[in-house]
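A short worksheet on the structure shown next.
The values are calculated or read from the model by the stated rules, or taken from the named source; none is laboratory data. It should be emphasised that the depicted structure is a prediction, and the values quoted were computed from it without experimental measurement. Cβ placement follows ideal geometry from the backbone for every residue including glycine, while neighbour counts extend to all protein chains displayed. Each accessible area value is taken on the protein alone, full model and side chains, heavy atoms only, with ligands, DNA and RNA left out. Shrake-Rupley method; radii C 1.70, N 1.55, O 1.52, S 1.80 Å.
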Amino acid sequence: MRAVLGVGGGIAAYKAAELVRALQQRGHDVQVVMTRAAQEFIQPLTFAALTGRKVVTSLWAAPDSQDILSSAVEHIAVAQENDVLIVAPATADLLAKFAQGLADDFLTTLYLAFTGRVVLAPAMNTAMWEHPATQSNLDVLRGRGCSIVDPDEGWLACGTIGAGRLPDPVRIADRVDSLERRKRDFEGETLLITAGPTQESLDPVRYISNRSSGKMGYALAEAAARRGARVVLISGPVNLPPPANVERISVRTAQEMRAAVLEQLQDASIVIKAAAVADYYLANAPQQKLKKTAARLSLELDPTPDILAEVGQRKGDRLLIGFAAETENLLEEARRKMKAKKCDMLVANLVNRDGLGFESDRNEVDIISHSGHVVHAGPAEKETIAERILDQVATLRLSLHAT
Ligand code: CTP
């Protein structure tokens, strides 16, 4: 792929040189653009030597340049020539400018003119990263389809430990590769995807829920939309912005999720049930708050409807993909659920490991197809896992159509 790498002005700018190498080793052709602040940290010469190409450092031609007209439209040419724009380190200032559409230098102008895929690798001090302004800029950018590689945690240049380190160049290059692998192979399909937890009320202020963040289902929805599908995402309560080009329907309880799924099922050709649906709920939950007394409290819970099993009963020729969250006997349990719920494929993961699965940006899964074949994916970011799952769905679809 032809990649343009925008280097922002942060202490991590020197690591962008390693990123250039990582991208080149994977066969990408890299051109570098630097902001003025980036040049305070590292010389354009470093990147020129690594890429063998002129490094763009300004919107304006040098005062002695004869080529004033071509420099005036260079951002358009660079935008058109490249398939992916990577910004690393993406500083808080750059994220704010991108979110607002400010275009006061070459990189910000290029971002506006760029119609290909954008990968942003932020790096900054932890407080700046966690600041609501930065987080809301990231939400805006995610909503526009930018792919954000979240920073690593560790020692920062300011002497503190926390989130904000530039992601490992290998992780950034992995993300670029996962975009490249992507084709528009889901064009013409309608995917119905469920994501997140459900909340089952105990009274007007309390509920039963689980630790699902919704990130896996949202990553699947985003990837499927990029691969050309129409995507309907039925989401339990999560703290995530709606992915670009996805129709999101928000629900709260298992009953609401069931109703939304059944209503949308008609149009769907592929159903992916990534939601962590609560298994029990309190029927006839009191309308008033449960009052504390000295006595022990027992609640009798009823099972919620198993939405996946119900879709399995009436799936017709749709492809049905379930998930299984397990803490032990992963494959055995997954195979049992797959059969019981009539799934064509099941994505199984262990959820009791630190840094993977629930509440995490990363995951490691076994993808089991109806023939019993198992493909292992990860550990990797959920975006990468989502692409691998869709690759397997595409393969399954092909094999079913061939038989
Ligand atoms: N599922 C569902 N409706 C439910 C419970 C689960 O549609 N009421 C779906 C989930 O979306 C997932 C799959 O069933 O795709 C498996 O969910 P999981 O919680 O792993 O399995 P359960 O069947 O609930 O079994 P258990 O909790 O006993 O492991």
Which residues, counting only those in segment 141-189, are open to solvent by 20 Å² or more (accessible area, probe 1.4 Å) and either assigned to a strand (DSSP E or B) or on the phi > 0 side of the Ramachandran plot (or both)? Asp152, Glu153, Trp155, Gly159, Ile161, Arg165, Gly188
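Which residues, counting only those in segment 14-49, are polar (S, T, N, Q) and either closer than 15 Å to Ala90 by Cβ or not assigned by TED's automatic domain parsing to the domain that holds Ala77 (or both)?
If we filter segment 14-49 for residues that are polar (S, T, N, Q), which is where we start, we get 24-25, 31, 35, 39, 43, 46.
Result: Thr35, single match.
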Extreme residue, nearest to the ligand (Cβ to nearest atom), among residues of segment 245-292 that are touching a helix residue (DSSP H, G or I) at 6+ places or on another chain (Cβ under 6 Å) and assigned to a loop (DSSP other than H, G, I, E, B): Val277
Report, by residue number, each residue of segment 310-351 that is more than 7 Å from the ligand (Cβ to nearest atom) and part of a strand (DSSP E or B). Leu319, Leu320, Ile321, Met345, Leu346, Val347, Ala348, Asn349, Leu350
Residue in segment 268-282 that is open to solvent by 80 Å² or more (accessible area, probe 1.4 Å) and among the polar types (S, T, N, Q) present: no
Can you find, within segment 293-309, the residue that is nearest to the chain's Cα centre (by Cα) among those that are among the charged types (D, E, K, R) and more than 9 Å from the ligand (Cβ to nearest atom)? Asp302
Can you find a residue in segment 345-357 that is over 20 Å from the mean Cα position of the chain (by Cα), open to solvent by 70 Å² or more (accessible area, probe 1.4 Å) and in contact (Cβ under 8 Å) with a residue 12 or more places away in the chain? yes
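If I ask for residues that are in contact with a strand residue (DSSP E or B) (Cβ under 9 Å, 6 or more places away or on another chain), crowded, with 20+ Cβ neighbours inside 10 Å and either at pLDDT below 95 or part of a strand (DSSP E or B) (or both), which ones from segment 226-239 would you list? Quick ask: steps written out before the conclusion?
Going through segment 226-239, the residues in contact with a strand residue (DSSP E or B) (Cβ under 9 Å, 6 or more places away or on another chain) turn out to be 226, 229-238.
Those still in the list that are crowded, with 20+ Cβ neighbours inside 10 Å too: 226, 229, 231-236.
Listed by number, the residues that qualify are Arg226, Val231, Val232, Leu233, Ile234, Ser235.
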From (1) crowded, with 17+ Cβ neighbours inside 10 Å; (2) more than 15 Å from the ligand (Cβ to nearest atom); (3) basic (Lys, Arg), pick out the condition that doesn't hold for Arg206. (1)
In segment 29-54, the residues that are surrounded by fewer than 21 Cβ atoms within 10 Å (Cβ to Cβ) and outside any helix (DSSP H, G or I): Asp29, Gln31, Arg36, Ala37, Ile42, Gln43, Gly52, Arg53, Lys54
Kindly check whether there is at least one residue in segment 358-381 that is touching a residue at least 24 places away in the same chain (Cβ under 8 Å), in a helix (DSSP H, G or I) and open to solvent by 50 Å² or more (accessible area, probe 1.4 Å). no
The one condition Glu326 fails out of (1) at pLDDT 85 or above; (2) under 27 Å from Gly228 (Cα atoms); (3) among the acidic types (Asp, Glu) is (2)
For Gly355, indicate whether it is small (Gly, Ala, Ser), more than 27 Å from Pro305 (Cα to Cα) and assigned to a strand (DSSP E or B). no
